[in-house]
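These notes concern the structure reproduced below.
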Amino acid sequence: MIQKVIFFISNNKVKDMLAVWTDSKAFVTTLRSLFSLMWKKSHHIDETDMESILGSEITYEHRLREIEQEKMILSYLQENFKSLEKGKK
Amino acid sequence: MKKTQKEESKKMKILIVDDNEQITKMLTTFLELKGHQCTIANDGNEGLSQIKENIYDVILLDLAMPEFDGYSVIKNLEDSNTLKDHKIIVFTASTITQDELENLVKRGVTAYLLKPIDIDLLHSKLVEIADL
């Protein structure tokens, strides 16, 4: 259970940030309620979901590798189609 | 490349799960000419249905696919404790690290191959893994 809070405040006039620490029960409870409310609609992203999101990103390098693979299969088929077809028969 | 006796005789049932239609079509042409039977799934969802409904000697699975990707297929099979029942080869052009690929193997994926790969080598790997 959270028992203390520390928060940082600043404004346009004051350059330095001011840190405020408190163990006031009323303050801690209020801040906890505020955060619970703010995060109510959030959902947990576990490691595998994150992996999935990141893994799906198609990068330029990824596309190049795909094209290179297409080229390699096509070249192979062009060079070996007849012998492969004979082999099948 | 010399063909081994095993390569000549083994006729495999292969599932290719990849959203790149050029690759799936050309790969299917190549593998069918080698005498194998291929099924294509152009997204993870379709691939997962095929995996659940049929038995394949080996499955080539791309990782990066729109919406339902290869990771989701792996996770789904993992959640149903059936990942290790299949011979899944991750076949990807993704720029993921070696550690991430090794981690997939630890989780139950049979092997991984990075695109681009020499087509004869790919075939040898397929035969080798199907025979495991």
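Give the stretch B:105-116 a look and list any residue that's touching a helix residue (DSSP H, G or I) at 6+ places or on another chain (Cβ under 7 Å) and within 25 Å of A:Glu70 (Cα to Cα), or say none.
Taking the stretch B:105-116 as the starting set, the residues that turn out to be touching a helix residue (DSSP H, G or I) at 6+ places or on another chain (Cβ under 7 Å) are B:107-113, B:115-116.
If the condition is that a residue be touching a helix residue (DSSP H, G or I) at 6+ places or on another chain (Cβ under 7 Å) and within 25 Å of A:Glu70 (Cα to Cα), then B:Val109, B:Thr110, B:Ala111, B:Tyr112, B:Leu113, B:Lys115, B:Pro116 are the ones that fit.
Please find, among B:Lys52, B:Lys75, the residue that is over 14 Å from the mean Cα position of the chain (by Cα) and more than 13 Å from B:Val17 (Cβ to Cβ).
Working: B:Lys52 fails: more than 13 Å from B:Val17 (Cβ to Cβ).
Going through B:Lys52, B:Lys75 in turn, just one is over 14 Å from the mean Cα position of the chain (by Cα) and more than 13 Å from B:Val17 (Cβ to Cβ): B:Lys75.
Could you tell me which residue of the stretch A:42-84 is modelled with the highest pLDDT, considering only residues that are over 20 Å from B:Leu63 (Cα atoms) and small (Gly, Ala, Ser)?
Only one residue tops the list, namely A:Ser75.
Please go through the stretch A:66-83 and give me each residue that is more than 9 Å from chain B (Cβ to nearest Cβ) and either among the acidic types (Asp, Glu) or within 36 Å of the chain's Cα centre (by Cα) (or both), ordered by number.
Result: A:Glu79, single match.
Give me the residue from the stretch B:35-73 that is at the interface with another protein chain (Cβ under 10 Å from one of its Cβ atoms) and surrounded by fewer than 20 Cβ atoms within 10 Å (Cβ to Cβ) and, out of that set, nearest to B:Leu132 (Cα to Cα).
In this case the residue turns out to be B:Gly35.
Which members of the stretch B:74-102 meet the condition of being surrounded by 14 or more Cβ atoms within 10 Å (Cβ to Cβ) and assigned to a helix (DSSP H, G or I)?
The initial filter retains those residues of the stretch B:74-102 that are surrounded by 14 or more Cβ atoms within 10 Å (Cβ to Cβ), namely B:74-78, B:83, B:86-96, B:100-101.
Selection gives B:Ile74, B:Lys75, B:Asn76, B:Leu77, B:Glu78, B:Leu83, B:Glu100, B:Leu101.
Just to be sure I understand, how many residues within the stretch B:74-93 are among the basic types (Lys, Arg) and at the interface with another protein chain (Cβ under 7 Å from one of its Cβ atoms)? Steps first, please.
Restricting attention to the stretch B:74-93, the residues satisfying the condition of being among the basic types (Lys, Arg) are B:75, B:84, B:87.
Still in the running and at the interface with another protein chain (Cβ under 7 Å from one of its Cβ atoms): B:75.
The total comes to 1.
Restricting the first residue to the stretch B:65-84 and requiring it to be at positive phi, which pairs with a second residue that is surrounded by 15 or more Cβ atoms within 10 Å (Cβ to Cβ) meet a Cβ separation below 9 Å and a spacing of at least six or different chains?
Listed by first residue and then by second, the contacts come to B:Glu67/A:Ser56; B:Glu67/B:Asp43; B:Glu67/B:Gly44; B:Glu67/B:Asn45.
The values are calculated or read from the model by the stated rules, or taken from the named source; none is laboratory data. Just so it is clear, the model here is predicted, and its values are computed rather than measured. Quick reminder, even Gly has a Cβ in these numbers, built from the backbone with ideal geometry, and neighbours come from all protein chains shown.
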